[in-house]
1. Show me the helices (runs of 4 or more DSSP H) entirely contained within segment B:34-144 in which 1 or more residues are hydroxyl-bearing (Ser, Thr, Tyr) and closer than 23 Å to residue A:185 by Cβ.
2. Looking at B:151, B:117, B:147, B:100, which is the one that is at pLDDT 90 or above, within 22 Å of residue A:121 (Cα to Cα) and in contact with an Asp or Glu (Cβ under 7 Å, 6 or more places away or on another chain)?
3. Considering only segment A:50-82, how many residues are surrounded by 11 or more Cβ atoms within 10 Å (Cβ to Cβ), of a type outside the set (Lys, Arg) and assigned to a helix (DSSP H, G or I)?
4. If residue B:80 satisfies all but one of (1) surrounded by fewer than 24 Cβ atoms within 10 Å (Cβ to Cβ); (2) facing chain A (nearest Cβ under 9 Å), what's the number of the condition it fails?
5. Output yes when any residue across segment A:33-40 is in a helix (DSSP H, G or I) and touching a Lys or Arg at 6+ places or on another chain (Cβ under 7 Å), and no when none is.
6. Anything in segment A:148-193 that is charged (D, E, K, R), assigned to a helix (DSSP H, G or I) and within 20 Å of the chain's Cα centre (by Cα)? List them, or say none.
7. So how many residues does segment A:149-181 have that are within 14 Å of chain B (Cβ to nearest Cβ), under 21 Å from residue A:82 (Cβ atoms) and of a type in the set (Gly, Ala, Ser)?
Amino acid sequence: MRIQRRSMTSFYSYFPKTLPDGAPPKGKFELDPRALRNEFLRLQSQYHPDKLRQLTEEQRQGMSMEELEQRSADLNKAYKALCDPLQRAIHILQNRGIDVDEDKKDEEDISSGPPKGVEDMEALMEIMEVHEAIEEATEQSQIESLKEENAKRIEASIKELTSAFASDDLDKAKAATILLRYWTNIHSALDQWEAGKFNPVNH
Amino acid sequence: MMFNRITRSAGLLARARPTTTAVMSPMTPLAISRRGYHEKVLDHYNNPRNVGSMNKNDEDVGTGLVGAPACGDVMKLQIRVDDNGVIQDVKFKTFGCGSAIASSSYVTELVRGKSLAEAGKIKNTVIAKELSLPPVKLHCSMLAEDAIKSAISDYNSKRKTKNPTLGAEAAETPAAATATA
């Protein structure tokens with residue numbers, strides 16, 4: 001096992017064993033979380049301070065302690081992002097030049113007025129309705145059934161992402177990613193719900 | 001567990017302002033300040049104006065429903081318009097961060113009593129300036145601008161269907177202009 005000399009732009013390249021094919025379309029969107037975790041733990045163990053101190057100059061490849069710590073942080077970041085389907089999808093798209101987080105409109109759009117972004121009115125209405133249902137819920141049992149429904153939505157979005165990336169349909173993947181973000185927000189609102197308390201979406 | 005301090009203070013706030021519970025946070029003002037919100041944002045966040053819903057099927061109601069792909073916030077803004085094209089009532093519901101709630105709350109104050117043409121000219125920069133939004137939160141003000149524009153556009157399209165001769169009037173708003181472009 002060798003310490004990475006430089007930080008990498010693709011999170012996939014940190015895990016050559018589990019993800020040898022890299023990001024979609026070559027590799028699959030789905031991954032084996034257990035295998036990924038095992039490889040991550042193995043890689044991360046190299047950066048244990050006690051081990052770092054024992055490294056020879058050659059093994060260190062001229063890197064300072066700070067640089068080595070940065071590598072360790074990079075690895076953590078890559079692992080965290082890949083574990084979460086939403087973050088994974090955002091990362092894949094970003095590396096293909098598609099910024100899901102961009103929310104802008106250029107000058108022309110601003111002067112022409114009306115809404116940009118998600119134009120899927122049906123989905124937006126459903127999102128609003130679910131938020132309102134959470135707001136109106138008074139008992140844990142209602143939250144539980146909303147959770148069940150939402151888990152299905154998340155599952156469906158991940159399926160959509162898997163098939164979109166398999167066929168390299170990036171527009172479809174972007175739309176599914178955006179939708180998955182809405183469902184993820186709802187998921188955390190449901191998780192934070194407590195009887196008699198509000199469930200704000202904070203981020 | 002339910003009666004820890006935070007929950008209790010939130011409960012007090014909820015009783016004082018029952019209609020605003022949906023968009024209020026149980027966080028204490030101190031906790032919110034730590035998130036770095038400007039006091040004007042905090043004011044709208046703690047006392048959101050015009051929270052609520054109207055019947056979207058009413059003929060004099062226009063509904064704008066918009067979402068922010070970047071953060072997953074959703075905002076609903078509704079206007080009730082009289083026969084002279086003046087906005088008589090405004091309601092909003094926002095599920096999102098403090099800046100998104102404040103932006104939509106502020107917009108409801110801005111557009112009440114304005115004509116559709118005036119309201120359609122509101123720019124996100126005005127909202128951002130009033131609330132001193134930092135660059136990372138500018139999209140919240142854009143979302144509020146989108147919301148009012150799409151509410152106007154929804155109202156206009158209802159009028160158009162009901163009375164086609166009003167088409168020219170409807171086309172005055174920028175929203176309708178794009179729809180026909």
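The values are calculated or read from the model by the stated rules, or taken from the named source; none is laboratory data. The structure presented is a predicted model; accordingly, all values stated were derived computationally and were not measured. For neighbour counting, all protein chains shown are included, and Cβ atoms are generated from backbone atoms with ideal geometry for every residue, glycine included.
1. Because the criterion is at least 1 residues that are hydroxyl-bearing (Ser, Thr, Tyr) and closer than 23 Å to residue A:185 by Cβ, the helices (runs of 4 or more DSSP H) in segment B:34-144 that meet it are B:39-46, B:98-111.
2. After applying the criteria, what remains is B:100.
3. 16
4. Just one mismatch for residue B:80, condition (2).
5. If we filter segment A:33-40 for residues that are in a helix (DSSP H, G or I), which is where we start, we get A:33-40.
Remaining after also requiring touching a Lys or Arg at 6+ places or on another chain (Cβ under 7 Å): A:39.
Scanning segment A:33-40 turns up at least one residue that is in a helix (DSSP H, G or I) and touching a Lys or Arg at 6+ places or on another chain (Cβ under 7 Å).
6. The initial filter retains those residues of segment A:148-193 that are charged (D, E, K, R), namely A:148-149, A:152-153, A:155, A:159-160, A:168-169, A:171-172, A:174, A:181, A:191.
From the residues that got through so far, the ones that are assigned to a helix (DSSP H, G or I) too are A:148-149, A:152-153, A:155, A:159-160, A:171-172, A:174, A:181, A:191.
The answer is A:152, A:153, A:155, A:159, A:160, A:171, A:172, A:174, A:181, A:191.
7. Within segment A:149-181, residues that are within 14 Å of chain B (Cβ to nearest Cβ), under 21 Å from residue A:82 (Cβ atoms) and of a type in the set (Gly, Ala, Ser) number 3.
Quick grid of which residues meet (1) surrounded by fewer than 19 Cβ atoms within 10 Å (Cβ to Cβ); (2) under 19 Å from residue A:129 (Cα atoms):
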| site | (1), (2) |
| --- | --- |
| B:48 | no, no |
| B:68 | no, yes |
| B:73 | no, yes |
| B:84 | yes, no |
| B:94 | no, yes |
| B:104 | no, yes |
| B:108 | no, no |
| B:112 | yes, no |
